[in-house]
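Chemist: Sharing a structure below in structure tokens format, with a few things to ask.
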Amino acid sequence: MTVTTDLAQVLGLEDYLDAAPGNTRKAAAFAMNDIIGGPAGLGVYRKAINAQVNFPRDYLDDKRFGMDQRATPDNLVASLVARQRPTSLARFATTGAIGTKGVSVQVKRNGAPSRFRTGFLVRLRAGSSLDGGNVGLAVRLSPGTVLNKDVSKMVHLDANVVLLYGPSVDQILNNNVAESETPVVIDNVATEFFRQFARLQSDG
């Protein structure tokens, strides 16, 4: 999912553009880039995502959720993009050892751990994990095993051994986080815009 902010539509900048087009566009671009890409924008979304999902510390770095497009005075649009690849369930493991059956995982931040009695952690070769981790959570499927996903589309380590995955960052962002937090971010951008505009006007 991409969170896109078009400040011209949000704030209604027509009066400012008529009075001081140059400073208005500069102030808007400064505000969008400073806020949306910083703690009062990207940081707000990250905090909300981490409040829902038990991602490892520093998992939501710029590679997995970061600035995709920066605003310019001629194009007052900025956007954030979240990784769409599913997250290995091994990232959420609370107990378990490499090669030993029995792994507990906690996906929801405030949820109870789930126990995979036949699951086991396994070291992966480069390219085996969709989200780049070098440890995966695998299960060996016995004949007739039914999963809630199409097994043919899962990552297979062997004919009947598959890796298990949880939600992607994109899914969590799309699950109410973007909708609930965007008004807060827009308010932060608006506050910074007025500050930047006043500064530019006084400097001029």
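Chemist: Can Val146 be described as in a loop (DSSP other than H, G, I, E, B) and at pLDDT below 90?
Modeler: Judged against the criteria, Val146 is a match.
Chemist: Here is a follow-up. Return the residues of region 3-32 that are modelled with pLDDT of 85 or more and assigned to a helix (DSSP H, G or I); say none if nothing qualifies.
Modeler: Hits for region 3-32 are Pro21, Gly22, Asn23, Thr24, Arg25, Lys26, Ala27, Ala28, Ala29, Phe30, Ala31, Met32.
Chemist: With respect to the numbered conditions (1) surrounded by fewer than 19 Cβ atoms within 10 Å (Cβ to Cβ); (2) among the hydrophobic types (A, V, I, L, M, F, W, C); (3) not in a loop (DSSP other than H, G, I, E, B), which one is the sole condition not fulfilled by Ala40?
Modeler: (3)
Chemist: Something else now. Within region 43-54, can you find the residues that are out of contact with any Leu (no Cβ under 8 Å at 6 or more places or on another chain) and surrounded by fewer than 22 Cβ atoms within 10 Å (Cβ to Cβ)?
Modeler: Answer for region 43-54, where residues must be out of contact with any Leu (no Cβ under 8 Å at 6 or more places or on another chain) and surrounded by fewer than 22 Cβ atoms within 10 Å (Cβ to Cβ): Gly43, Val44, Lys47, Ala48, Ala51, Gln52, Asn54.
Chemist: Every residue in region 67-80 that is in contact with a helix residue (DSSP H, G or I) (Cβ under 9 Å, 6 or more places away or on another chain) and in a strand (DSSP E or B), please. Step through it out loud before you land on a result.
Modeler: Of the residues in region 67-80, the ones in contact with a helix residue (DSSP H, G or I) (Cβ under 9 Å, 6 or more places away or on another chain) are 67, 70-80.
Met67, Thr72, Asn75, Val77, Ala78, Ser79, Leu80, listed by residue number.
Chemist: If you don't mind, there's one more thing I want to ask. Please determine whether any residue of region 62-85 is surrounded by fewer than 16 Cβ atoms within 10 Å (Cβ to Cβ) and on the phi > 0 side of the Ramachandran plot.
Modeler: no
Chemist: So which strands (runs of 3 or more DSSP E) stay within region 81-121 end to end and still have 1 or more residues that are over 19 Å from Asp61 (Cα atoms) and charged (D, E, K, R)?
Modeler: So the answer is 100-105, 114-116.
Chemist: Anything in region 68-126 that is within 30 Å of Phe193 (Cβ to Cβ), at pLDDT 90 or above and not β-branched (Val, Ile, Thr)? List them, or say none.
Modeler: Residues satisfying the conditions are Asp68, Gln69, Arg70, Ala71, Pro73, Asp74, Asn75, Ala78, Ser79, Leu80, Ala82, Arg83.
The values are calculated or read from the model by the stated rules, or taken from the named source; none is laboratory data. Given the structure is predicted, the values throughout are model-derived calculations rather than measurements. Note: ideal-geometry Cβ built from the backbone for every residue, glycine included; neighbour counts use all protein chains shown.
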